[in-house]
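Right, one structure below, let's go through it.
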Amino acid sequence: MFALESYVGIFSIGVGVNYGRIANNLPSPSQVPNLLKSLNINRVKVYDSDPKVLQAFAGTGIKLIVGLGNEFLQKMSDPQQAQTWIQQNIQPYLSQTKITCINVGNEVLGADDGQSASYDSYLLPAMKTMYAALVNLGLNKQVCITTAHSLKILASSSPPSQGVFREDMVEYIKPILDFHSQVDSPFFINAYPYFAYKSDPDNVRLEYTLFEPNEGTVDPNTNLKYDNMLYAQIDAVYSAIKALGHTDVEVKISETGWPSKGDENEAGATVENAGMYNRNLMQRMQQGQGTPARPSQPIDIYIFALFNENMKNGSTSERNFGLYYPSGTLVYDLGVQSYALPRMDYSSSRKNAFSIFSCFHLGLWILLIA
């Protein structure tokens, strides 16, 4: 019975997950909601508005954040184009699919790939016109508008109380913060302690990045003690926001995670470390923890990612952030190893997939009465 309580406790805390699909071996979208429900995951962020995905979540009660690609930003700056996009890609699904937010662009500001940087000036106009379109359609109370940023927009994050945005980013971020304040939407940040460890494994303590026991660090300005890097990063973002005159905008973590595999030069990318990071993070969330600077405000987090994605560019780690292999089996123990999670059968029909899921629940019932 204790094991079942642990199962329910860890995954009924509102953990969100990113459902990326840059792969050629993933199960069909119609199979994914059952997999999510087996872990009581009820919030998902996707990176586009694929009708097959939006339809797959119909009637599930799972809350969905829909992404708008950076390549659409210039087009969405036109009010008519923005409204047409929402009418075609969001509005038809709202009666059955619980779309709660549109994430306009991803890591546009501070990008070092050259291409995304060209979108900087289009980001806020697109956010504003899409919000205006929601208002025109009477959907602004149902669907919010935000965008997700990389930590590269920060010039400094240590100590957390001295967090500030890069000077070249302020002209873009300040009006975005004004927008969030006006429409009451969250400030999304993608935060990965893994990358800090990977870049300097000799000086960044692994235990500090993994939520494992460690001596921690004290912010000399606030005397607050931090025992993990993610919380320090979150408070650094809050400090940067405050430096631009806002204390009324909530920070949410739109992506965080740890890879289970990497290249030889990618320190720390192991199954063991990935399991520790996500298990420890989920346990902190289960406890309703806030950061040292905001202890009474629980952290809102979307883990990256649901599946390993075999067609992503870059180093090996980029393709190995998933909680699951494409087969539907867990990459590492998430505290539910006693239970047979539903396996993905690519040759089966939806009826067979449903039967597998039903057998999973029958197994839990047998465990309960045994």
Q) Any residue in the stretch 253-262 that is surrounded by fewer than 16 Cβ atoms within 10 Å (Cβ to Cβ) and assigned to a loop (DSSP other than H, G, I, E, B)? A) no
**Q.** Checklist (1) in a helix (DSSP H, G or I); (2) in contact with a strand residue (DSSP E or B) (Cβ under 8 Å, 6 or more places away or on another chain) applied to Ile99, failing item
**A.** (1)
Q: Quickly run through the stretch 267-284 and pick out the residues that are open to solvent by less than 20 Å² (accessible area, probe 1.4 Å) and out of contact with any Lys or Arg (no Cβ under 8 Å at 6 or more places or on another chain).
A: Asn273, Ala274, Gly275, Tyr277, Asn278, Leu281, Met282
**Q.** Residue identified as of a type in the set (A, V, I, L, M), more than 23 Å from the chain's Cα centre (by Cα) and farther than 28 Å from Met276 by Cβ among Leu177, Leu244
**A.** Leu244
Q | Where a residue in the stretch 308-319 is modelled with pLDDT of 95 or more and assigned to a loop (DSSP other than H, G, I, E, B) and its partner, wherever it lies, is charged (D, E, K, R) and open to solvent by less than 30 Å² (accessible area, probe 1.4 Å), with Cβ under 7 Å and at least six apart | A | Ser315/Glu266
Q.
Pull out all pairs, ordered by first then second residue, where Cβ-Cβ is under 9 Å, the residues are six or more apart or on different chains, the first lies in the stretch 237-248 and is under 17 Å from Ser157 (Cα atoms), and the second is assigned to a loop (DSSP other than H, G, I, E, B) and open to solvent by 70 Å² or more (accessible area, probe 1.4 Å).
A. Tyr238/Thr247; Ile241/Thr247
**Q.** Inter-residue pairs, beta-carbon under 6 Å, first closer than 23 Å to Leu123 by Cα and in the stretch 155-174, second of a type in the set (Ser, Thr, Tyr) and surrounded by fewer than 18 Cβ atoms within 10 Å (Cβ to Cβ), 6+ apart
**A.** Val164/Ser156
Q | Among residues of the stretch 109-142, those that are in contact with a Ser or Thr (Cβ under 8 Å, 6 or more places away or on another chain), among the hydrophobic types (A, V, I, L, M, F, W, C) and surrounded by fewer than 21 Cβ atoms within 10 Å (Cβ to Cβ), counted | A | 1
(Q) Suppose the filter is out of contact with any helix residue (DSSP H, G or I) (no Cβ under 7 Å at 6 or more places or on another chain), aliphatic (A, V, I, L, M) and more than 22 Å from Pro33 (Cβ to Cβ); does Val66 pass it? (A) no
Q. What number of residues within the stretch 60-86 are within 28 Å of Gly335 (Cα to Cα), open to solvent by 20 Å² or more (accessible area, probe 1.4 Å) and not polar (S, T, N, Q)?
A. 2
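The values are calculated or read from the model by the stated rules, or taken from the named source; none is laboratory data. Only a predicted model underlies this, so the values are computations on that prediction, with no experimental measurement involved. With ideal geometry, Cβ positions are generated from the backbone for all residues, glycine too; neighbour counts draw on all protein chains shown. Heavy atoms of the whole protein, side chains included, go into the accessibility calculation; ligands, DNA and RNA do not. Shrake-Rupley method; radii C 1.70, N 1.55, O 1.52, S 1.80 Å.
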